[in-house]
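The values are calculated or read from the model by the stated rules, or taken from the named source; none is laboratory data. The structure presented is a predicted model; accordingly, all values stated were derived computationally and were not measured. Cβ placement follows ideal geometry from the backbone for every residue including glycine, while neighbour counts extend to all protein chains displayed. When the accessible area is computed, the model is the full protein with side chains, heavy atoms only, and any ligands, DNA or RNA have been set aside. Shrake-Rupley method; radii C 1.70, N 1.55, O 1.52, S 1.80 Å.
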Amino acid sequence: MEEKNYGHKPVLLEESLRALDIKPGGTYVDGTLGRAGHSLAILRRLEGGRLIGIDRDQSAIDAARERLADFAARVTLVHGNFQDLGDILRDLGVRRVDGMLFDLGVSSPQLDEPERGFSYMHDAPLDMRMDTSASLDAAQVVNTWSYEELRRILYEYGEERFAPQIARAIVRRREEGPIAATGELVELIRSAMPAAALREKQHPAKRTFQAVRIAVNGELEALPPMLEAAAEALSPGGRLAVITFHSLEDRIVKQTMRTLATGCTCPPEFPVCVCGKKPKLRLLSRRPTAAGPEELQENPRSRSAKLRWAERTGY
């Protein structure tokens, strides 16, 4: 029977499965469950093992529960934030796992559901919350954050070179009344950018929407504690695989993994180690893996995806 379309193609699927080196009886965590494309592929390779799926979006949990119904006895779904990974595993009574996968991209259904406010292609309320029960939404960021904070997130999170002009336009416009919709924000962004920038291939609002989304969901701040907790919870030889979609994420993942793979940090002149630090990870991907030509043709959203992976040491 043909499988129902769940609106999301898992990115770098085969590469992720190879990176995880799945053991049939192992315990695995999909820390960004989404519509369960990666989880389904993992479960099909398990024989008596267990999968724990985590997502901060309740609608993703509900869709995954339906999609993974045939494997229900071996699946535990958790509505939570992966930055709380250590607490989540402790609450489940899980001490060690054999592999963890984190796909940091926004899922296609979130982008394609206009009412979620993630997309600059649809006019919708300014929301952008991955967890719809969270208190902070995009409307609050756009309408209440200071010029300095708006400029900072546009520059740092969106790598937007016209951050000062866009932040200034937002602050001026909201003096007339709240900015309530994505379409209104898009027009503001267009009005603040020079004509040459508007002719570029990339949509003029892409970087600003990325920046606001990251700020609303605290995406970058969550990465180091998640990676540290993941390394701590892996069994020796267990694998950690992370898919990023922009340079900011990839830089944090790369640096944090490198730190976790570093042992002694004592100065070279010390005759013996006094810090006692041991490497928790062994890096298995000096360079990230990107999507191949076939996947790029089938799924254009994979264009910016990068996969890095590592293995837990015996320390």
Single residue of Thr244, Thr256, Thr265, Thr289 found to be among the polar types (S, T, N, Q), touching an Asp or Glu at 6+ places or on another chain (Cβ under 6 Å) and surrounded by fewer than 21 Cβ atoms within 10 Å (Cβ to Cβ): Thr289
Given (1) under 21 Å from the mean Cα position of the chain (by Cα); (2) open to solvent by less than 10 Å² (accessible area, probe 1.4 Å); (3) over 25 Å from Leu283 (Cα atoms), number of the condition Leu68 does not satisfy: (1)
Condition broken by Arg168, with the remaining ones in (1) surrounded by fewer than 20 Cβ atoms within 10 Å (Cβ to Cβ); (2) assigned to a loop (DSSP other than H, G, I, E, B); (3) not β-branched (Val, Ile, Thr) satisfied: (2)
Unmet criterion (only one of (1) open to solvent by less than 40 Å² (accessible area, probe 1.4 Å); (2) part of a loop (DSSP other than H, G, I, E, B); (3) among the hydrophobic types (A, V, I, L, M, F, W, C)) for Ala215: (2)
Residue identified as open to solvent by 20 Å² or more (accessible area, probe 1.4 Å), in a helix (DSSP H, G or I) and within 19 Å of Leu126 (Cβ to Cβ) among Glu221, Glu228, Glu232, Glu184: Glu184
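One line per residue, one yes/no per condition, for (1) touching a residue at least 40 places away in the same chain (Cβ under 8 Å); (2) not in a helix (DSSP H, G or I):
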{"position": "Pro10", "(1), (2)": "yes, yes"}
{"position": "Ser16", "(1), (2)": "yes, no"}
{"position": "Gly25", "(1), (2)": "no, yes"}
{"position": "Leu33", "(1), (2)": "yes, yes"}
{"position": "Leu40", "(1), (2)": "no, no"}
{"position": "Ser59", "(1), (2)": "yes, no"}
{"position": "Asp70", "(1), (2)": "no, no"}
{"position": "Gly99", "(1), (2)": "yes, yes"}
{"position": "Gln110", "(1), (2)": "yes, no"}
In the range 292-309, the residues that are touching a residue at least 24 places away in the same chain (Cβ under 8 Å) and either open to solvent by 40 Å² or more (accessible area, probe 1.4 Å) or of a type in the set (Phe, Trp, Tyr) (or both): Glu298, Arg301, Ser304, Lys306, Trp309
